[in-house]
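Here's the structure, in structure tokens; my notes come after.
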Amino acid sequence: MKNLDCNNKRILIVDDQASVRNFLREILAAKYHCEMVSSAEEALEILKTDYFNLVLSDIEMGKMSGIELVSQTHNSLPDTVFVMISGNQDIEDAVESMRVGAFDYIKKPFNIDQIEIAIERALNHQSLLFSKHQYENHLEELVKIRTEELNYISNYDVLTELPNRNLFEDRLSQALSHVNYNRKNLAILRISLDQLKNVFDVFGQCNGNALLKEAAKRLKNFIFEGVTVARFEGNEFGVMLSQINGTEEVVEFTKKIMDSLNQPFLIESNQIFVPFSIGISLFPNDGGDAETLLKNAGIALTRSREEERSGYQFFTTEMNSFAQKRMEMEMDLRHALERNEFEVYYQPKLCTKNRKIIGMEALVRWNRPDSTFVSPAEFIPLAEETGLIIPIGEWVLRTACKQLKEWEDEGFSPLIVSVNLSAQQFHQPDLLEVIKDIIKETKINPNNLELELTESSILKNKSKVIGILDELKRIGVKISIDDFGTGYSSLSYLKRLPLDILKIDKSFIQDMTISPDEASLVMTIISLAHNLGLKVIAEGVETEEQLRFLHLLRCDGWQGYLFSKPVTAKLFRELLIENSQENTTAWQLDFFRSNLPREMAEIHCSGF
Ligand code: C2E
Ligand code: MG
Ligand code: MG
């Protein structure tokens, strides 16, 4: 073991003459720890195990000389200095030993002062050397650590400690050369945790990250030979199965992943179910290189996201043309406004008590030049992605307000027009000015305008949201929450916002007459909303049975195909005329005479 204690300097005296060794030790032992050996060979041995700050060595010593000792050990002992003892006759050898690495030499006959000075100087030099090497070692260590860190960052995701896309692509390329050779198949799965953004908005960054880590942990359970799991950007993970024999194996594997992700995530003692989508591409059918396979798994993922439920989609060539069509649609959408291709349809909203039209929801329609029908559920998300929703939304708002004014001027009883506002629109900086300008320009009564917001719009940046809503309330505009129940907002949060109306999503309405659970959920939403002073509108009412049940629950209003689909302004006007002439009393009698299904009546009785 080397002794690295710098305060107690260690000197090795090497000389074949005992008198010289003893003399030197006598001079130096008071200040330093001294060891003595009588030959260069012995010195070599002891230097292998013991550390010395300084070696004070004779040059001429029987077999091995001091010069050889220096040249053999100097490189391996960078923190040891060598001082040579030279007689007059070997002064040239002393110079030679300095050439091979000795620091200094002391001439015989000895002068005690000179020895002390030379030793001190040599030891000072040794201290400097030692510090320099320590510094260099430290620096080297730091560089090593930094390099490892950089390597890690460029290949791994720090949050989940999974390989990142970079490393995944590398491994995929390697695996591809292997499967090519092995004639095996390979599958790529791209998995996205959908609505993760909402989780971040509602529960904060820390909880969002914890959820991502938990998802990564679940996916790590699937790592075994031939499987690589990676985290791509944001909410996406990638899995590579490199040793597969056929599609069934991929399906089986995917189902296991789905079972695992379908388990709830625990956030602040809330059980959260996070929807997910999976897109799959297979080698060699869907591509021969990493880039194509990843792209096609991505296309399958986009398709899978469009499904309502969490699930998976294998890539198909039709999807490729679908992606192509989507690109074309984006190009067309960019020109749709200037080409006047949009039209606003209106769906009546009715009072639950008397079936009178109380207003209408403005729903945009796009008449594409090739006359293909594109549902707003398809082009609105695209408009949001491209930012086109801002001008389109403004156009819808202006058109709907103008239309409202026209019907008012014609003498129809006051109606409320509701216009959908996407999250992006709601967060645009000049939203309030745009709304105020349109109200002014179209001369409508702001009390007759309702803006429908989604839950996700109001979850982000809560204090700003309250500011905007307060200002809208101040000018008289009504606010409703659309598709309530599909997001993560809670009624207790909504309580803090100046809202007017809650629109229950059609999925609940459609299931409520077949599922008692759904029925009691609708009932709870309605009664809690009423307690908060909000009116409730049911969306997607398609049957009399649903309507009767809503009536019993004292739901304030409804809209749905039972009365009318969204229609053009012209047809809506006809509906208005018809509805104003309809004998509601007759309808009401008929409505109440019919019997409710027994289980619904039971829910009603136990609930109120
Ligand atoms: P939303 O605001 O929840 O609109 C209601 C949707 O439900 C409409 O679909 C409507 O046609 C449909 N619906 C109404 N009654 C029934 C029914 O009884 N059964 C069924 N199955 N469906 C019914 P639409 O017009 O296809 O619009 C879909 C979504 O697109 C809207 O959902 C809204 O989120 C969005 N959207 C439509 N127009 C606009 C717009 O001008 N701006 C923005 N930002 N979004 C819009
Ligand atoms: Mg709506
Ligand atoms: Mg809705």
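Read-outs: derived from the displayed coordinates by stated rules, not from any lab. As the structure is a computational prediction, the values presented were derived from the model and not from experiment. Because the Cβ atoms are built from the backbone with ideal geometry, glycine has one as well, and the counts that use them run over all protein chains shown.
Please state the relative contact order of the stretch 36-172 as a whole percent: Cα pairs under 8 Å, 6+ residues apart? Answer for the stretch 36-172 is 18 percent. Stretching LEU159 away from HIS530 to a fully extended chain increases their span by 129.2 nm, per 0.36 nm per residue minus the current alpha-carbon distance.
Ordering 430-443, 189-202 by mean Cβ neighbour count within 10 Å, with the highest value first, yields 189-202, 430-443. Here the stretch 10-131 carries DSSP beta bridges of which approximately 0% are antiparallel, counting only pairs with both residues inside. Placing unit charges on each Cβ (+1 for Lys and Arg, -1 for Asp and Glu) gives the chain a dipole about its Cα centre, and among VAL55, PHE314, ALA230 the Cα reaching farthest toward its positive end belongs to PHE314.
Averaging over all projection directions, find the projected area of the Cα convex hull of the stretch 343-601 and quote it in nm² with one decimal place.
Convex hull of Cα atoms, orientation-averaged projection: 14.3 nm².
Under 5 Å from the amide H of LEU451 lie the amide H atoms of VAL419, LYS478, ILE479, SER480, each residue being 5 or more positions distant or on a separate chain, with H modelled from the backbone and absent for Pro and chain starts.
Computed from phi, the 3J(HN,Hα) profile of the stretch 456-473 under the Karplus parametrisation 6.51, -1.76, 1.60 (θ = phi - 60°) reads 5, 4, 9, 8, 8, 6, 4, 5, 5, 4, 4, x, 5, 5, 4, 5, 5, 4 Hz, with x in place of Gly and Pro. Listed by chain and number, the lysines whose alpha-carbon sits under 25 Å from that of LYS48, ignoring those within fewer than 8 places in the same chain, are LYS2, LYS9, LYS31, LYS63, LYS132. For the stretch 10-131, a simple Cβ point-charge model (Lys and Arg +1, Asp and Glu -1, everything else neutral) yields a dipole of about 280 debye relative to the Cα centre.
The alpha carbon radius of gyration of the chain, expressed as a multiple of 2.2 N^0.38 Å, is 1.65.
Counting only alpha carbon atoms, the long axis of helix 247-262 and the longest principal axis of the chain meet at about 80°. Where only DSSP H runs of four or more residues are counted, the chain gives -16500 deg cm²/dmol as its mean residue ellipticity at 222 nm, each run worth -39500 (n - 2.57).
Considering only VAL465, PRO498, ASN8, and ranking their Cα positions along the charge dipole of the chain that arises from unit charges at the beta-carbon of Lys, Arg, Asp and Glu, the one farthest toward the positive end is PRO498. Straight-line cross-link reach from LYS440 at under 17 Å between alpha-carbon atoms covers these lysines, not counting any fewer than eight positions away in the same chain: LYS402, LYS405, LYS473, LYS478. In this structure, the amide hydrogen of MET61, modeled 1.01 Å from its nitrogen in the peptide plane, lies closer than 5 angstrom to those of GLY66, counting only residues at least 5 positions away or on a different chain. Taking the C-alpha atoms only, the angle from helix 431-442 to the longest principal axis of the chain is near 20 degrees. Straight-line reach from LYS325: which lysines have Cα under 21 Å away, leaving out those fewer than 8 places along the same chain? Cα-Cα hits under 21 Å: LYS295.
Here's how it looks for PHE276: its modeled amide H is under 5 Å from those of ASP194, SER310, GLY311, which are all 5 or more places away or on a different chain.
With R₀ fixed at 41 Å, the C-beta to C-beta distance from CYS351 to GLN263 puts the FRET efficiency at about 0.40. Hey, rough spin-label estimate for LYS108 and ASP500, points 7 angstrom out along Cα→Cβ, what's it come to in nanometres? Rounded to a tenth, the inter-label distance reads 11.3 nm. Measuring nothing but how far apart in sequence close Cα pairs (under 8 Å, 6+ apart) lie, relative to its length, the chain scores a relative contact order of 8 percent. Extent along the principal axes, Cα only, for the stretch 135-229: 50, 49, 19 Å, with the longest axis given first. Summing Lys and Arg as +1 and Asp and Glu as -1 over all other residues whose Cβ lies under 12 Å from the Cβ of ALA118 gives a net charge of -2. A simple rule links phi to the HN-Hα coupling: the Karplus curve 6.51 cos²θ - 1.76 cosθ + 1.60 with θ = phi - 60°, which for the stretch 110-121 gives 6, 10, 4, 4, 4, 4, 4, 5, 5, 5, 4, 4 Hz, with x for Gly and Pro. Counting only DSSP beta bridges with both residues in the stretch 351-453, the antiparallel share comes to about 20 percent. Overall form of the stretch 184-317: prolate. Here a/c, set by the Cα gyration tensor axes a ≥ b ≥ c, is 1.5 or more, and a/b is the larger of a/b and b/c.
Give me the percent of DSSP beta bridges within the chain that run antiparallel, rounded to the nearest 5. Walk me through the intermediate numbers first.
On the way: 38 of 82 bridges.
The answer is about 45 percent antiparallel.
Taking the longest Cα principal axis of the chain as reference, the axis of helix 569-581 is set at about 50 degrees.
Put simply, the convex hull of the Cα atoms in the stretch 10-131 casts, on average, a shadow of 6.6 nm².
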